[in-house]
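Heads up: the structure comes next, in structure tokens.
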């Protein structure tokens with residue numbers, strides 16, 4: 001694994017450059033191409049900076065060194081959060097991300113930094129998914145992570161959260177890209193998930209420490225999610241959603257785009273269905289993703305654990321084998337037949353559909369099926385059958 005090759009003083013200059021008000025990643029990148037290092041940029045005179053294409057006010061702001069005091073505070077916050085800085089010149093900086101139109105000047109990272117050099121697949125979707133969407137995102141992310149891909153997503157509610165959890169559940173790797181500072185977890189309910197990712201995966205942000213989760217940060221964040229990845233998989237999302245924006249960015253960055261088809265009557269299916277109509281890879285199984293990767297990326301996955309071979313025995317939780325024995329087996333089969341996979345059903349409605357059995361029998365069987373990993377209970381006494389082959 002590549003290691004950092006810069007001093008604390010050099011890190012301070014990178015932070016100071018990152019913090020210059022009004023200096024975007026594109027302009028900063030052009031300055032670095034001309035001056036070669038942040039130190040050289042800060043040594044330049046205002047006239048030299050203007051000659052490089054900067055407006056006068058911005059040139060004077062850089063030359064004044066006004067951001068160094070905040071850069072020192074950033075170093076202190078990074079130390080407190082156990083975060084490190086990965087600047088553009090760092091060999092650990094993701095090569096794919098370096099090649100996009102406007103790569104971040106630097107990345108703040110916490111966790112397994114070596115994952116920046118791994119083969120990533122972005123999994124994105126709506127913040128308000130259906131139970132089916134959550135199941136699909138979790139399962140595909142788990143099996144793709146087990147196959148050797150690192151699952152990248154944006155840590156948002158909904159599909160992003162399901163993707164991160166799915167990757168972790170199979171012992172795989174995941175990278176969460178923040179739209180805020182690394183010490184400002186958003187949404188707050190994902191604090192425990194963020195800590196688990198920091199321990200087993202990687203947290204990443206281009207935003208300085210303590211940056212709030214401003215709404216405008218998230219579209220900016222999306223270009224990193226797609227830019228680091230070999231492709232983007234969209235599970236659910238409206239036609240003009242954030243996941244659709246990420247898919248468009250992926251196309252601009254010459255990445256593969258994958259989409260899971262959905263119910264045509266659901267607005268949450270418009271995004272992925274439209275992408276498929278426009279040429280995205282239709283995904284019904286993890287193998288569809290593997291086969292759609294560029295040849296060089298498929299080669300990278302060779303020799304790693306392959307979960308897509310035919311198995312001799314059915315998986316635990318396959319409703320075909322009804323994982324309940326004894327007198328309750330027939331009740332379990334009736335419950336599984338009545339439970340949908342694409343939406344949740346309330347307990348009262350389920351009892352009506354399996355009226356040949358008592359409520360106590362059905363409730364007891366639901367508990368057994370939950371333990372077997374076949375059924376999931378949602379808030380409000382709603383139940384859904386997990387997506388299985």
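Please treat every number below as a calculation from the coordinates, not as lab data. Small disclaimer: the values here were computed from a predicted structure and weren't measured. Don't worry about glycine lacking a Cβ; one is built from the backbone with ideal geometry, like all the others, and counts go over all protein chains shown.
Based on DSSP, what percent of beta bridges with both residues in segment 89-226 are antiparallel, to the nearest 5? Please list the in-between numbers first.
Numbers: 4 of 13 bridges.
Once the DSSP bridges in segment 89-226 are tallied, antiparallel ones form about 30 percent.
Take peptides 334-341, 6-13 and line them up by average Cβ neighbours within 10 Å, highest first, as a rough protection proxy. Kindly include the intermediate steps, with their values, before the conclusion.
Values: 334-341: 17.9, 6-13: 15.0.
Most protected by this proxy first, the peptides run 334-341, 6-13.
Roughly how many nanometres apart are two label points built 7 Å out from the Cα toward the Cβ at residue 33 and residue 70?
Output for this residue pair reads 2.6 nm.
Using a/c under 1.5 as the rounded threshold, could you call segment 20-66 rounded, prolate or oblate? The axes a ≥ b ≥ c are square roots of the C-alpha gyration tensor eigenvalues, and prolate needs a/b larger than b/c, oblate otherwise.
Here segment 20-66 falls in the rounded category.
Would you mind checking the tilt of helix 8-18 against the longest principal axis of the Cα atoms of the chain, expressed as 0 to 90 degrees and rounded to 10?
80 degrees
Running a GNM on the chain with Cα contacts under 10 Å, which residue among 132, 357, 101 ends up with the highest mean-square fluctuation?
357
Looking at the chain, what % of its DSSP beta bridges pair antiparallel, to the nearest 5? Intermediate results must be reported in sequence, preceding the final value.
Working: 14 of 32 bridges.
About 45 percent, rounded to the nearest 5.
Please build a GNM for the chain, connecting alpha carbons under 10 Å apart, and tell me which residue among 26, 329, 112 fluctuates the most.
329
How large is the Rg to Rh ratio of segment 113-301 when both quantities use alpha carbon positions and Rh follows Kirkwood? Present the calculation step by step, with values, prior to reporting the outcome.
Values: Rg = 14.8 Å, Rh = 15.9 Å.
Answer for segment 113-301: 0.93.
With n ≥ 4 as the cut-off for DSSP H runs, can you work out [θ] at 222 nm for the chain, using -39500 (n - 2.57) per run divided by the number of residues, rounded to the nearest 500?
So the helix-based figure for the chain works out to -13000 deg cm²/dmol.
Would you work out the relative contact order for the chain, in percent, from Cα pairs under 8 angstrom that are 6 or more residues apart?
13 percent
Specify whether the C-alpha gyration tensor of segment 319-385 places it in the rounded, prolate or oblate class, a ≥ b ≥ c being the square roots of the eigenvalues: rounded for a/c under 1.5, otherwise prolate if a/b is larger than b/c and oblate if not. Can you show the working numbers first?
Working: a/c = 1.56, a/b = 1.19, b/c = 1.31.
It is oblate, given that a/c is not under 1.5 and a/b is not larger than b/c.
Could you check the spin-label model distance between residue 287 and residue 364? Points 7 Å from the Cα along Cα→Cβ, value in nm.
According to this spin-label approximation, the distance is 4.1 nm.
Separation between the residue 343 and residue 48 pseudo-spin-labels, each 7 Å from Cα along Cα→Cβ, expressed in nm?
Here the modelled spin labels are 6.7 nm apart.
Cα atoms only, the chain: Rg and Dmax in Å?
Taking only Cα atoms of the chain, I get Rg and Dmax of 24.0, 86 Å.
Can you give the FRET efficiency for residue 371 and residue 296, using 1/(1 + (r/R0)^6), R0 = 56 Å, r = Cβ-Cβ distance, to the nearest 0.05? Walk me through the intermediate numbers first.
On the way: r = 43 Å, r/R0 = 0.77.
FRET efficiency, residue 371 to residue 296: 0.80.
Assign one of three labels to segment 105-201, namely rounded, prolate or oblate, based on the Cα gyration tensor with a ≥ b ≥ c the square roots of its eigenvalues; rounded applies when a/c is under 1.5, prolate when it is not and a/b is larger than b/c, and oblate otherwise. Don't skip to the end; give the middle numbers.
Details: a/c = 1.75, a/b = 1.15, b/c = 1.53.
Since a/c reaches 1.5 but b/c is at least a/b, the shape of segment 105-201 is classed as oblate.
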